[in-house]
Amino acid sequence: MGACSGDKRVLVIGSGGREHALCWKLAASPQVAQLFCAPGNGGTGSVATDVPIAATDLDGLARFAREERIDLTVVGPEAPLVAGIVDRFRADGLAVFGPSAAAARLEGSKAFAKEFMARHHIPTAAYACFTKVAPALAYVRDQGAPIVVKASGLAAGKGVIVAETVAEAEAAVRAILAEGAFGDAGAEVVIEQCLAGEECSVIAITDGRALFTLPAAQDHKRIGEGDTGPNTGGMGAYCPAPALTPVLAEQVEQEVLRPVVDGMAADGTPFVGVVYAGLMIGPDGPKVLEFNVRFGDPECQPLMASLEDDLYEVLAAAARGELAGHTPHPRPGAALTVVLAAAGYPGSYPKGETITGVAEAEADPNVVVFHAGTRLDGGRLVTAGGRVLGVTGLGATLAEARERAYAACDRIDFAGKTLRRDIGARAL
Ligand code: AMP
Ligand code: GLY
């Protein structure tokens, strides 16, 4: 390497498509000399050194970061954040990008998030919280349907029931509070007004004061085409989402993102990391459906594929509290990711199926394939999860990005390959 090349040592924690996309983008930074991913997947090894430490092994990760003199750790998933990995790293004097456990409650407790929004006048659905079945049932009957019942804690995206009838809502309340369908995550329920409109996600990087807001993205949560069937982690995403017009984007900045950052600081729990606002754009403007405290997956994939800035520089500046003056430079055009899933997902699915055609798919310079549930078995790439790959196309227009992504999807094969053919269709 020449004299101008970087010397930074970076650790990314996680093993999904989000983490592959983060590694891919960090590896492109001239400042990064050495990149590690713990534990990584079948694709992260092409841009990073995989380290076999689980994302939830906080002691093991902190030890690794100390021993390897890591300059910046980037935490992908919510579980270690909610468990306090950032507090742990900071106590050891290690630089880390992500929120403290206190700040991560914005995602870890929906009851906390609703109460926070009420206190700081952030637009969201009307709600009530319950820990006992009888008053929750009485509230549901009083409000009527449709109504939304949510387990308050982390439930891997499965803890939300949009009930069309009172009976369905009652069943959800009983399943969560009385039958422990989501374990401890369901010790409390949030019951809220059902909102209608167009959904989109706005993701901003913050150092606790300044905001670096990325283009709006749209996820496709249901397994089936036309938004049918059970919820998944996300079957595809694209950006920018035209549903968020420049006027609405400004409104989200002023009415949601700014009050989150200022409110968390005022409450004594400054928020450093990613604020992800899941929004419903309805007749009276954007309202918050949920907060996440990390990049969305798959949303992170088209966002990283189309970001022109040096991600290391932005995340390191945010971790140091010096984000002011940085603004995002998305490349013109659009990016779209189609998830290739295993047959049966989001239910049970087989693993170990041979995957072919990834190199052929990436022969198009406007395509990048991010790995999620993959593993290298000897030299063979095999499936190892429900969401297997995120096939990402770039284009001057959304239509072009979409065409490239689907052409690449058709070059990839594995037994049971499952995908939605309508990613991005509503925006076209
Ligand atoms: P969440 O995990 O809170 O984002 O909820 C998962 C999905 O449930 C969202 O993406 C929405 O499609 C739906 N949802 C959540 N809250 C509401 C609500 N108040 N009204 C209508 N749909 C909702
Ligand atoms: N794709 C939605 C999420 O990451 O929560």
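What net charge do the residues around Ala145 carry, taking every other residue with its C-beta under 14 Å from that of Ala145, with Lys and Arg at +1 and Asp and Glu at -1?
On the way: positive: Arg141; negative: Asp142, Glu164, Glu168, Glu170, Glu192.
After counting each charged neighbour, the total is -4.
Accessible area of the range 29-107 with a 1.4 Å probe: how many percent of it is carbon plus sulfur? Don't jump to the answer; show the numbers that get you there.
Working: 1460 of 2950 Å².
The value for the range 29-107 is 49 percent carbon and sulfur by accessible area.
Carbon and sulfur atoms: what percent of the 1.4 Å accessible area of the range 274-428 do they account for?
49
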Legend entry - the range 97-165: GluC sites (Glu not before Pro) in DSSP loop, at most 16 other beta carbons within 10 Å: Glu164
Inset, instruction - Apply the Debye scattering formula to the range 193-330, with a single equal point scatterer on each alpha-carbon and no solvent, then give log10 I(q)/I(0) at q = 0.17 Å⁻¹. - result: -0.94
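Which trypsin sites (Lys or Arg not before Pro) in the range 66-145 pass both tests, a DSSP loop state and at most 10 other beta-carbon atoms within 10 Å?
Values: sites: Arg66, Arg69, Arg88, Arg90, Arg105, Lys110, Lys114, Arg119, Lys132, Arg141; in loops: Arg69, Lys132.
Answer in residue order: Arg69.
Listed here are the pairs Lys132/Lys158; Lys158/Lys417; Lys110/Lys417; which of them are more than 28 Å apart at the Cα? Before the final figure, lay out the partial values.
On the way: Lys132/Lys158 21 Å; Lys158/Lys417 22 Å; Lys110/Lys417 34 Å.
Violating the 28 Å limit, Cα to Cα: Lys110/Lys417.
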Inset, instruction - Let me have the relative contact order for the range 173-273, percent, based on Cα pairs under 8 Å that are six or more residues apart. - result: 22
Legend entry - Under 5 Å, built H, 5+ apart or other chain: amide partners of Gly395: Ala334, Ala401
Legend entry - Given charges at beta-carbon only (K, R positive; D, E negative), |dipole| of the chain in Debye: 460
Legend entry - Hz values of 3J(HN,Hα) by residue in the range 154-165 - Karplus curve (6.51, -1.76, 1.60), Gly and Pro given as x: 6, 9, 6, x, 9, x, 10, 10, 8, 8, 7, 10
Inset, instruction - Just flag the trypsin sites (Lys or Arg not before Pro) in the range 345-428 sitting in loop per DSSP whose Cβ has no more than 15 other Cβ atoms within 10 Å. - result: Lys351, Arg421
Legend entry - Whole-angstrom Cα spans of the chain along principal axes, big to small: 68, 47, 42
Legend entry - In order through the range 31-38: 3J(HN,Hα) via Karplus (6.51 cos²θ - 1.76 cosθ + 1.60), integer Hz, x for Gly, Pro: 7, 8, 9, 9, 10, 10, 10, 10
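Peptides 50-62, 333-345: what's the order by average Cβ count within 10 Å, highest mean first?
333-345, 50-62
The values are calculated or read from the model by the stated rules, or taken from the named source; none is laboratory data. Predicted model, so just to flag it, every value in this text is computed and none were measured. For neighbour counting, all protein chains shown are included, and Cβ atoms are generated from backbone atoms with ideal geometry for every residue, glycine included. In case anyone asks, the SASA skips ligands and DNA or RNA and just uses the protein heavy atoms, side chains included. Shrake-Rupley method; radii C 1.70, N 1.55, O 1.52, S 1.80 Å.
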